[in-house]
Structures are given as C-alpha cells and as structure tokens.
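Notes follow once the structure below has been shown.
The values are calculated or read from the model by the stated rules, or taken from the named source; none is laboratory data. This is a predicted model, so every value here is computed, not measured. Cβ placement follows ideal geometry from the backbone for every residue including glycine, while neighbour counts extend to all protein chains displayed. The accessibility values were calculated without ligands, DNA or RNA, using every heavy atom of the protein model including side chains. Shrake-Rupley method; radii C 1.70, N 1.55, O 1.52, S 1.80 Å.
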Amino acid sequence: MQEYIQNIINDDQVAFEMVFKLSHRKIYAYYFKKTASAELADELTQLAFIKLWRFRHTLATNISMDIQLFRIAKSTLLDHFKKVAAEERNLKSYYRDYFPGTTVSPTTYETNEQLTAILNQLPPTRRQVFILSRIEGYSYSEIAARLSISPRTVEKHISLALKQLGGYGRATVIIFLAYHIS
C-alpha cells in the first residue's frame with residue numbers, strides 16, 4: 001500500500017480507487033463496531049475516503065497508508081460525535097426556548113435523555129428530517145424546501161426512521177412525552 005501514497009499525493013485516481021477497494025471493508029467494520037449502525041458506518045466510511053482524497057497533499061510517505069487512513073477514520077468519527085453532541089445541545093436549547101417558564105423535572109430530564117439516545121440511533125439527515133416533522137411539526141414540503149431535498153425523499157426518511165425506531169418499543173411514547181410534558 002505504500003506505493004499508492006505518492007501516487008495519491010500526485011492526484012492519481014486509479015491509486016485512490018485501489019486503496020478504496022483494499023481498505024473499504026476495514027474502515028466500514030471499524031465504524032460499524034463503534035456505531036452499531038450499518039447506515040451510519042456507510043456514511044462515515046464515505047466521509048473518511050472523501051477526506052483522504054481532499055487532504056491527499058498532507059499524506060506522509062514514510063507512514064503506512066493503513067495508519068494514516070485509520071487516523072482519518074478516527075478523526076471523522078470524533079467529528080461526528082461532536083456534531084451529534086452539538087445537535088443534542090441545540091435540541092435541549094430549543095426545548096427550553098420553545099417551552100419557556102417550564103421547569104425540567106427529573107422525569108422530564110430522564111425522558112429527554114432517552115429521546116436523545118433514541119434519536120442518536122438515526123443517521124444525521126434522517127434524524128434532522130424526523131425532528132422537523134414529528135417534533136417541530138413541519139410539513140413534508142416545508143422540510144423539503146428547508147433542506148433542499150424532494151418531498152418524496154422526506155417521506156422516505158420518515159418511513160425509514162419509523163421502521164428503525166420501531167425496534168425501540170417505547171420510542172413513540174418517549175418522543176411524545178419529551179415534547180409534551182410541561
């Protein structure tokens with residue numbers, strides 16, 4: 001794999017495709033182990049290889065490609081977790097702003113924590129579509145316009161989210177309680 005590094009640095013797409021073919025499964029397995037989500041592992045794997053290509057000029061020829069690729073994979077995963085944490089903070093802030101003057105009881109806090117854990121099982125775009133639809137009450141067409149996607153794509157995200165959340169028996173109740181307890 002070392003011979004591919006210099007070629008990738010020199011914009012050789014064939015070398016990049018070879019590294020992708022040789023390393024895709026390992027990177028995917030790493031993400032799947034860390035997230036337990038096939039879709040999220042797929043998304044993060046793609047992001048890692050996009051970063052590899054985008055920052056190819058920073059590759060070191062004296063460090064193994066696997067080491068460099070897993071560094072990229074790890075930083076991509078950390079970026080994802082930071083983004084999820086920021087979304088979680090924004091969701092909590094939104095809840096406080098949307099229901100001013102309400103006190104958050106321990107039950108409400110626990111319910112919100114359960115909601116966050118459940119929603120974190122969804123891939124980022126699906127989570128955003130689900131929150132806009134089921135929690136914030138936007139129509140499919142409003143969500144489509146806001147996210148620059150088609151209403152059919154919104155419908156598909158909602159359908160897939162409901163199927164995925166169906167595995168969490170109390171998900172619907174928790175989502176309802178988290179946003180209707182005052």
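Structural remarks
- Of all residues in the stretch 149-163, those satisfying the criterion of being loosely packed, with under 15 Cβ neighbours inside 10 Å and small (G, A, S) are S150, S159.
- Qualifying positions in the stretch 54-94 - modelled with pLDDT of 85 or more and open to solvent by 60 Å² or more (accessible area, probe 1.4 Å): R54, F55, H57, T58, T61, N62, I67, F70, R71, K74, L78, D79
- Some residue of the stretch 43-50 being open to solvent by less than 40 Å² (accessible area, probe 1.4 Å), farther than 30 Å from G137 by Cα and touching a residue at least 40 places away in the same chain (Cβ under 8 Å): no
- Residue in the stretch 139-148 that is in contact with an Asp or Glu (Cβ under 7 Å, 6 or more places away or on another chain), at pLDDT 85 or above, surrounded by 14 or more Cβ atoms within 10 Å (Cβ to Cβ) and over 26 Å from D79 (Cα atoms) present: yes
- Single residue of the stretch 1-26 satisfying the filter (more than 17 Å from R54 (Cα to Cα) and among the aliphatic types (A, V, I, L, M)) that is modelled with the lowest pLDDT: M1
- Subset tally (residues that are in a helix (DSSP H, G or I) and within 14 Å of the chain's Cα centre (by Cα)) for the stretch 29-57: 15
- Residue satisfying all of: in the stretch 22-41; closer than 13 Å to D66 by Cα and of a type in the set (D, E, K, R); surrounded by the most Cβ atoms within 10 Å (Cβ to Cβ) among these: K26
- Of residues in the stretch 58-67 being in a helix (DSSP H, G or I) and free of Cβ contacts under 8 Å to residues at least 12 places away in the same chain, the one nearest to L119 (Cα to Cα): I67
- Filtered residues of the stretch 8-28 (kept if touching a Phe, Trp or Tyr at 6+ places or on another chain (Cβ under 9 Å), free of Cβ contacts under 8 Å to residues at least 24 places away in the same chain and either part of a helix (DSSP H, G or I) or of a type in the set (V, I, T) (or both)): Q13, A15, M18, L22
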